[in-house]
1. Order by neighbour count: Met136, Met315, Met288, fewest other Cβ atoms within 10 Å first, most last.
2. Specify which residue in the list Val306, Ala143, Ser5 is farthest towards the positive end of the charge dipole of the chain, using unit charges on the beta carbon of Lys, Arg (+1) and Asp, Glu (-1), about the Cα centre.
3. Considering amide H positions built from the backbone, and no H for Pro or chain starts, which residues 5 or more places from Leu102, or on another chain, come under 5 Å of its amide H?
4. Which one of Trp291, Leu83, Pro108 has its Cα pushed farthest toward the positive end of the charge dipole of the chain, where Lys and Arg give +1 and Asp and Glu give -1 at the Cβ?
5. Looking at the chain, what % of its DSSP beta bridges pair antiparallel, to the nearest 5?
6. Set the Förster radius R0 to 25 Å, insert the Cβ-Cβ distance between Ser138 and Asp48 as r into 1/(1 + (r/R0)^6), and round the FRET efficiency to 0.05.
7. So if each residue of separation counts as 0.36 nm, and I subtract the Cα-Cα distance between Leu161 and Glu93, what length gain in nm does that give?
8. What does the extension gain come out to for Phe220 and Arg245, with contour length at 0.36 nm per residue minus their alpha carbon separation?
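The numbers here are math on the coordinates, done by the rules we state, and not lab data. This one's a predicted model, so the numbers in the text were calculated from it and none came from an experiment. Here the Cβ is made from the backbone with ideal geometry for all residues, glycine too, and neighbour counts use every protein chain on show.
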Amino acid sequence: MQELSEGCVLCHQGAKMVLFLTGRCPRSCWYCPISGERRGRDVAYANDRRIESDADLIEEGRIMSALGTGVTGGEPLIVMDLLVHYCSLLKSEFGEEHHIHLYTGKVPSPEELQRLQGLVDEIRLHPPHECWPEIMHSTYIPAIRAAKELGFAVGIEVPSLPGLEDLIPVLPLLDFLNINELEWSETNAQSMRSLGYDLEDSYHNAVGGARAWADAILAFDRVHWCSSVFKDSVQLRERLKRIARNTARDFDEITEDGTVVYGVWEPSGQDIPLDQDLYEEVGDQLHMAWWLLAEHAERLQGTKYVVERYPNGGMVVEVTPL
């Protein structure tokens, strides 16, 4: 396996917080997977948490013991003041070693690079698909050289699309080139269908045949493949585990997938035949260890079920009645 960039190493560990800075972008790439909820809107999220204040961002970073942050969008460079503010905040709160990488489809100007120096560690450029054949004659080349001279790690990160071999000439200038498996989403589905693309299978969002488009360029050093399955089954799972370890209650069971499992009892007026330190009152419910609820289920009147959900009050994965 090729040596990964520092940002990718931390992503593999689930240690990178994802900071979605804005949904606005001057481009309209047909393959963009951003959801309709975020696309075109001036909204910010840390992981899946809506950011309304500096405190929200810092709390999300602490909840997952983040060792770094990946800043994305939309186009982060069009909200430059906010980008600088949040990167400064993260470095101040978590230390200079907190690794920040930035995704941008815009060619950063010398002035923008200077403002980001010391705040962003790694720049991941996203030249749009239509400019790949002329990449060596584009304004990305002087921007790559300027960023390297200022001490940034610089790479290109693009989805797997036909024509990836057009990027081979730029490889000697880069620290890395990441290829993300092309993914189907609700916002790009119509474009995918119009081009004759389809899902690889019924279990994942990967587009069939996308891996083959990368075969030629993957033979070169500094080129890395990031599959849809990896993002779903490894990167997300490791991030959830970090959050679960910091937020799970004593009776929550943390699964191998980073979800938490617990029991819920909604009593029907009877006395509670359990020691108070064995459960937690949450509104009209009592939460407790799922095995404890199962053990006493026959003598507890009311509704009883086991919940599996993402940690820290996240999405419910499954509810099993008892």
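1. Arranged by neighbour count, lowest to highest, Met136, Met315, Met288 become Met315, Met136, Met288.
2. Positive-most Cα among the choices belongs to Ala143.
3. Those qualifying (amide H under 5 Å, at least 5 residues apart or on another chain) are Val71, Glu122, Ile123, Arg124.
4. The listed residue farthest towards the positive side: Pro108.
5. So the antiparallel bridges amount to about 50 percent of the total.
6. In this case the efficiency is close to 0.15.
7. 20.6 nm
8. 5.1 nm
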